[in-house]
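Each value in this text was obtained by applying a stated rule to the coordinates, not by laboratory testing. Computed from a prediction, not measured in an experiment: that's the story for all the values here. Here the Cβ positions follow ideal geometry from the backbone for every residue, glycine too, while neighbour counts run over all protein chains shown.
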Amino acid sequence: MLSTATAFAVLFSSAALVAGSTGSAAADTAKVLPVQSAGDMVVDGVHQQVFISDPYSGKIVATDYTGTVVATVDGLPGVQGLALSADSGLLYAAVPGDDSIVSIETQTVTRTGRYATGDGTDPAHLALAGGKIWFGYGNADLGDIGSLDLSGTEPVVELGQDTDNKWTGAPRLAVSPADPNTLAAASPEVYWFGLSVFDVSSGKAARTARVGDGGASAGSGMTNDLAFTPDGTRIITANPGDHHRVWRTTDLVEVGSYPSEHHPTAVAIAPDGTVAAGTDSPYDPDVHVFTPGATTSVRTYDFPSTGSSSGGDSLADEGLAWEPGGNRLFAVTGNYDNTHRLHVLTDPTRSLPKLTVTVPAKATRAKPFTVKGTLTATLPLPAGTPLTVTRTDMESPSGKSLGTKLLGAGGAFSFSDTPPAGGKVTYKVAYAGDSTHTPASATASVEVSRATPTLTLNNNGKLYDYGKDVAFAAHLGSTYKNRTVEIWADPFGADKPNKLVKKGTVNSNGNLWVTLDMSRDVTLTAKFAGDARYAPKTVKSTAYAKVRVSTTVSKHYRTGKIGSTTYHYVRKSVDPVFTTTMTYYKGRKQRLEMDAYVNGRWIDAGADYFALGTNGKSAVTLTGTPQTGIKFRMRSSYINSSSGDTVNSTTHGSWKYFIFTK
């Protein structure tokens with residue numbers, strides 16, 4: 001039985017697959033918000049601004065459509081619900097910590113008014129309906145609905161507009177875009193579910209439908225968000241569970257739902273009826289987008305983790321809003337470290353296709369093989385959808401178009417290709433996208449075989465005298481187009497780097513020559529980078545260099561020959577000096593050895609190592625009381641490694657002969 005690791009190795013040795021990226025995902029952005037919490041969000045389409053309330057810090061921040069903060073309004077304790085006037089000229093904010101509603105001029109983002117709602121009212125949620133500002137107020141024990149009328153010379157506040165409904169907490173409010181006199185309210189507290197619809201055309205809140213109030217249950221409890229459909233016939237709520245619930249406005253009968261997995265927190269509906277259903281799902285998609293009439297999402301977004309939590313960032317309650325009349329979707333998220341971000345989702349209504357390409361792991365040059373893959377999407381693409389294919393290889397480094405291939409049945413495609421060049425060959429398959437799909441592309445690479453060229457480098461293992469000029473030749477056999485060779489020299493010793501000493505085109509005989517001064521052992525490397533039909537190749541050659549060494553004898557009184565050998569004659573009362581000159585290298589020592597001629601043969605008389613000075617010289621004085629009439633000889637040597645380094649090859653100096661006399 002194959003181990004898991006072995007099984008993977010077998011699978012991946014037979015094919016290479018790369019999933020592609022999508023065209024619009026890169027356009028989505030996210031920026032950190034200077035807030036400690038997120039209460040509500042509205043989008044000002046006239047001035048292209050996004051307003052976000054921060055109850056914890058008591059402020060409202062205004063950003064542009066990129067998420068860049070352009071202004072801040074402070075001094076609003078607990079500020080929560082926001083509502084925008086019909087002309088986008090004024091922003092209204094509920095400030096429970098001040099028992100008031102304030103107005104903010106949107107163009108300059110400055111406060112223009114404060115309207116008290118009564119001590120202890122704690123207004124939290126707003127909606128503009130019937131020519132008034134409606135607000136949900138109260139606490140977890142008791143809530144109600146009030147109105148603020150600014151049409152007269154003095155503001156008029158009317159509380160207790162729904163006293164016969166047992167609201168637990170300040171109700172969340174929404175107004176119908178099709179009928180500005182229709183107001184909906186929902187309980188924000190966990191204890192029970194309550195949803196009501198009111199006609200406010202008379203200036204009073206006249207209930208027209210109700211479900212779940214008075215402690216009765218209509219399913220899950222608190223409502224985190226609610227919104228009317230553009231035609232006003234339906235209300236969609238975000239309640240605990242695995243779906244967003246749909247209610248008929250006239251009688252609040254539940255007539256459907258949108259599957260949204262876990263913990264619904266937000267809902268926003270675009271003017272064309274596109275529904276963005278948001279959830280607090282750390283390990284699942286956070287936003288599900290449904291086009292009009294569809295109950296399967298066309299697009300989902302899973303916000304990544306940007307903090308210390310293992311799960312993704314969480315979508316805030318009421319944390320979704322559409323650009324008025326546009327296609328942008330704005331989302332506010334927070335993480336475990338209390339960092340909040342504004343996400344700008346620029347193409348949420350187009351399906352995000354996934355494109356994959358598969359090729360063999362290896363292929364033979366000039367022989368055909370099959371490229372295949374899939375193109376799938378939440379809105380399936382029909383057979384015949386065109387895909388463009390580009391092949392990139394050594395012959396076409398900028399890419400060569402292979403024309404258009406057509407998508408087959410079931411989102412699959414395949415085509416045959418015969419690669420003219422070897423090496424890494426990459427195929428890019430691209431889908432251009434359309435009005436309902438974003439672009440998508442994917443690449444996959446195959447290693448295509450190339451012939452092995454002949455490449456040699458001479459003089460390997462040869463030993464040269466110090467300082468000799470030696471010619472090295474790299475020989476390149478047959479190739480396709482590339483005839484360039486590099487020769488690198490790496491002298492022994494850490495103080496000398498590996499260096500490019502020659503690069504060029506080989507001559508008509510296939511040779512590239514370089515001459516080096518052999519002052520050290522050296523490893524040469526010849527490199528051929530390869531071409532479209534021949535693979536790269538590298539060969540090495542190591543040549544060796546001796547050191548320069550000589551020794552002189554001093555304090556002798558004469559020289560003379562014994563046979564054909566010159567001897568230095570030294571008085572036994574004098575200590576001779578042997579001075580060695582050797583190629584210097586830091587820390588280098590010379591080995592001085594001495595032999596004596598006894599009974600017709602040379603025998604070892606001792607040896608030792610002596611350090612070289614920085615001038616490459618080492619002077620050794622022979623002391624003691626030698627016997628006269630005995631022949632001696634000595635020589636100095638560099639012994640690789642034993643002399644303190646490995647930069648040169650072992651080199652012996654010439655013997656120097658001497659004899660002591662009376």
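Observations on the model:
- Calculated P(r) of segment 251-407 - Cα pairs past 18 Å, %: 68
- Summarising the label geometry, the points placed 7 Å from Cα in the beta-carbon direction at residue 621 and residue 529 lie 6.3 nm from one another.
- For residue 540, the aspartates and glutamates whose Cα falls under 16 Å of its own Cα, not counting residues fewer than eight places away in the same chain, are 486, 490, 521.
- Length-normalised contact order for the chain - Cα pairs under 8 Å, 6+ apart - percent: 8
- Gain upon complete extension [residue 294, residue 611; 0.36 nm per residue less C-alpha separation]: 105.1 nm
- Local electrostatic count, residue 402, Cβ distance below 10 Å [Lys/Arg +1, Asp/Glu -1]: +3
- Environment charge at residue 416 (Cβ cut-off 13 Å; Lys +1, Arg +1, Asp -1, Glu -1): +3
- Mean separation of Cα contacts under 8 Å, 6 or more apart, over the residue count of segment 309-369: relative contact order %: 23
- Ordering 343-349, 610-616 by mean Cβ neighbour count within 10 Å, with the highest value first, yields 343-349, 610-616.
- Spin-label proximity, residue 305 to segment 335-349 - amide N less than 17 Å from point 7 Å beyond Cα toward beta carbon: 335-340
- Dividing the mean sequence gap of close Cα pairs (under 8 Å, 6+ apart) by how many residues segment 549-661 holds gives a relative contact order of 32 percent.
- Label separation (residue 447 vs residue 204): 8.4 nm, computed from points 7 Å beyond Cα along the C-beta direction.
- FRET efficiency, 1/(1 + (r/R0)^6) with R0 22 Å, evaluated for residue 164 and residue 139 via beta carbons: 0.75
- In degrees, nearest ten, helix 4-14 long axis to first principal axis of the chain (Cα): 80
- Normalised alpha carbon radius of gyration of segment 552-662 [divisor 2.2 N^0.38 Å]: 1.11
- Length gained when the stretch residue 251-residue 414 is fully extended (0.36 nm per residue, less Cα-Cα span): 53.2 nm
- Selection from 441, 541, 640 lying farthest towards where the dipole of the chain points positive, charges on Cβ: 640
- Highest-first arrangement of 494-502, 98-106, 316-324, 451-459, where packing means the average Cβ count within 10 Å: 316-324, 98-106, 451-459, 494-502
- Placing +1 on each Lys and Arg Cβ and -1 on each Asp and Glu Cβ, with no other charges, gives the chain a dipole about its Cα centre of roughly 8760 debye.
- Taking each of 537/589; 405/503; 468/527; 546/631; 400/537 in turn, the alpha-carbon distance tops 32 angstrom for 537/589; 405/503.
- Sorted largest first, extent of segment 270-312 alpha carbons per principal axis (Å): 39, 18, 12
- Spherically averaged projected area of the convex hull of Cα atoms, segment 533-573: 6.6 nm².
- Rg/Rh (Cα only; Kirkwood hydrodynamic radius) as it applies to segment 523-600: 1.36
- Beta bridges assigned by DSSP with both partners in the chain are antiparallel in approximately 95 percent of cases.
- Over 20 Å [Cα-Cα, segment 455-545], rounded percent: 33
- Cα convex hull volume per residue for the chain (Å³): 294
- Per-pair calculated FRET efficiency, R0 = 56 Å: residue 494 and residue 366 via Cβ, rounded to 0.05: 0.75
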